[in-house]
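> What follows is a structure written as structure tokens; I'll ask about it next.
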């Protein structure tokens, strides 16, 4: 796998990353985030010397996605276990899931921009 192919894989992974209330019941999003980490690792193997800054940025983006996912999961679990109202409610989680979607779209756009700039 070369650099361009690795970046395309990362962009494709980011393209499917969305988060909804229903997604919190299953591991699909977590699996996709884990896959994103693997794709970033693959890129680091083929482009560490030339793209260290990009790889660091992608690693930071992965952490950001994991934090947003964890925040939504934690909010849901707290609501279920303690039966609390706001901020442990679907409305608060909708804000978190919206941020997650915006994060994934923005990160994907940046990866695609970098690919386009190289052509």
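> Considering each residue of the stretch 31-52, count those that are touching a helix residue (DSSP H, G or I) at 6+ places or on another chain (Cβ under 7 Å) and closer than 24 Å to residue 95 by Cβ, and give that number.
3
> Which of the numbered conditions does residue 95 fail, given that it passes all the others? Conditions: (1) surrounded by 13 or more Cβ atoms within 10 Å (Cβ to Cβ); (2) closer than 19 Å to residue 33 by Cα; (3) more than 11 Å from the chain's Cα centre (by Cα); (4) modelled with pLDDT of 95 or more.
Condition not satisfied by residue 95: (2).
> Looking at the stretch 1-60, which of the residues that are outside any helix (DSSP H, G or I) and free of Cβ contacts under 8 Å to residues at least 12 places away in the same chain is surrounded by the fewest Cβ atoms within 10 Å (Cβ to Cβ)? Working first, answer last.
So in the stretch 1-60, the residues outside any helix (DSSP H, G or I) come out as 1-2, 16-21, 26-27, 48-51.
Next, from what is left, pick out any that are free of Cβ contacts under 8 Å to residues at least 12 places away in the same chain: 26-27, 48-49.
Details: 26: 9, 27: 11, 48: 10, 49: 7.
The extreme case among them is 49.
> Still on this structure, please answer the following. Return the residues of the stretch 77-119 that are free of Cβ contacts under 8 Å to residues at least 40 places away in the same chain and part of a loop (DSSP other than H, G, I, E, B); say none if nothing qualifies.
83, 84, 85, 86, 87, 88, 89, 119
The values are calculated or read from the model by the stated rules, or taken from the named source; none is laboratory data. Keep in mind it's a predicted model, so treat the numbers as computed, not measured. Please note: Cβ atoms are built from the backbone with ideal geometry, for glycine as well, and neighbour counts cover all protein chains shown.
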